[in-house]
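One structure is given here, and the rest of the page talks about it.
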Amino acid sequence: MSDKDYVLGTNDAEVDRLGLQHRVWREKALAAWRRAGIGPGMTVLDVGAGPGFAAADLAEIVGPEGRVVALERSGRFLAALRDRAGRLGLDNIVVREQDVCALPIQEPADAAWCRWVLSFAADPARVVAHIAGALRPGGVAVFHEYADYGSWRMMPPDPLVDRFRELVMRSWRESGGEPDIALRLPRLLAAAGLDLVATRPLIDIVGPADVTWRWPAAFMASNAARLAELGYLGAEEAGAMAGALEAVSPDTLMITPLVAEIVARKREEPSR
Ligand SMILES: C[S@@+](CC[C@H](N)C(=O)[O-])C[C@H]1O[C@@H](n2cnc3c(N)ncnc32)[C@H](O)[C@@H]1O
């Protein structure tokens, strides 16, 4: 897959941004995995793993008796993942360069983790069906996907942030994705034979001193340039957007984009 095919890009700066984003979201991911019962000895799929920051944490949790299968279509991201897994000595991560929309997942698994992937999938129903196909009966799938990207607002309102957010959503839709894909997820899960176990909203109101602030701020700083590259705005406006969240008054607040945590379980075979 070329960098042009993926709306957010796959360069080194995007690898770094995904690392920062994972650090901000790490506690929420760890809590979700704990609640879902992901533990030692399990085989866990990281679906759309990117450069594998979550995969590395999952590899430590499942331990030497378990394994993490990182499925990702970007060779550049997988190279970054292989590199880091090697440096960390995590030899229980299996890397698969695969389009999870196009092809079924071959590895039988106890659990699956899928974060910020379905928003970019041309056919999310197929991805969910492929996850369900790989899970053993009783296996669990944990999703963190956007339910209301438009909830990302500033207090007081900031027109640059509002325009950036709208262009982001438009760019994802025009590249075949859907930002608020979590709204469709419960139906997609049911159709694939996965029963809903739990849901939870993940949203914060933070100030510039909070570490969570850095997640949308870093996205705006890097993605404004990407939107200019894709022809959604001019260089001057992109420059203004890039710095918009870096120098704000300390009493400014931000409502973060709403992510839905959705946990589902594969139906057991009916006993005969
Ligand atoms: C925003 S990144 C999130 C990466 C990672 N899940 C995380 O939470 O850090 C979205 C990832 O999904 C991957 N992706 C999107 N569609 C895919 C597909 N059809 N097959 C495999 N990977 C896909 C992209 O290449 C990218 O790495």
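Modelled label positions at Glu236 and Ala79, each set 7 Å beyond Cα in the direction of Cβ, lie 3.7 nm from each other. Taking Val68, Val128, Val197 as the candidate residues, the one with maximal mean-square fluctuation in a Gaussian network model of the chain, Cα springs under 10 Å, is Val197. Rounded to whole numbers, the Karplus 3J(HN,Hα) couplings from phi for the range 176-189 are x, x, 9, x, 8, 5, 4, 4, 8, 4, x, 5, 5, 5 Hz, using 6.51 cos²θ - 1.76 cosθ + 1.60 with θ = phi - 60°, and x at Gly and Pro.
Which ³J(HN,Hα) values in Hz, rounded to whole numbers, follow from the phi angles of the range 243-255 under the Karplus curve 6.51 cos²θ - 1.76 cosθ + 1.60, where θ = phi - 60° and Gly and Pro get x? With coefficients 6.51, -1.76 and 1.60, one gets x, 4, 9, 8, 10, 10, 5, x, 8, 6, 10, 10, 8 Hz. Taking amide H as placed 1.01 Å from N in the peptide plane, Thr43 has its amide H under 5 Å from the amide H of Arg67, Asp110, Ala111, each at least 5 places away in sequence or on another chain. Under the convention that each Lys and Arg Cβ holds +1 and each Asp and Glu Cβ holds -1, the size of the dipole of the chain around its Cα centre is about 740 debye. Charge dipole (Cα centre; +1 on Lys/Arg Cβ, -1 on Asp/Glu Cβ; no other charges) of the range 138-258 amounts to roughly 320 debye. The dipole here belongs to the range 50-168: it is taken about the Cα centre, uses +1 on the Cβ of Lys and Arg and -1 on the Cβ of Asp and Glu, and is about 160 debye. Reported to the nearest whole Å, the Cα centre-to-centre distance from the range 227-242 to the range 18-72 is 34. To the nearest 0.05, how large is the calculated FRET efficiency for Gln106 and Arg163 if R₀ is 45 Å and r is the Cβ-Cβ distance? Taking R0 as 45 Å, the efficiency between Gln106 and Arg163 is 0.55.
Coordinate-derived values only; no laboratory data. What you see is a predicted model; the values in this text were computed from it and never measured. With ideal geometry, Cβ positions are generated from the backbone for all residues, glycine too; neighbour counts draw on all protein chains shown.
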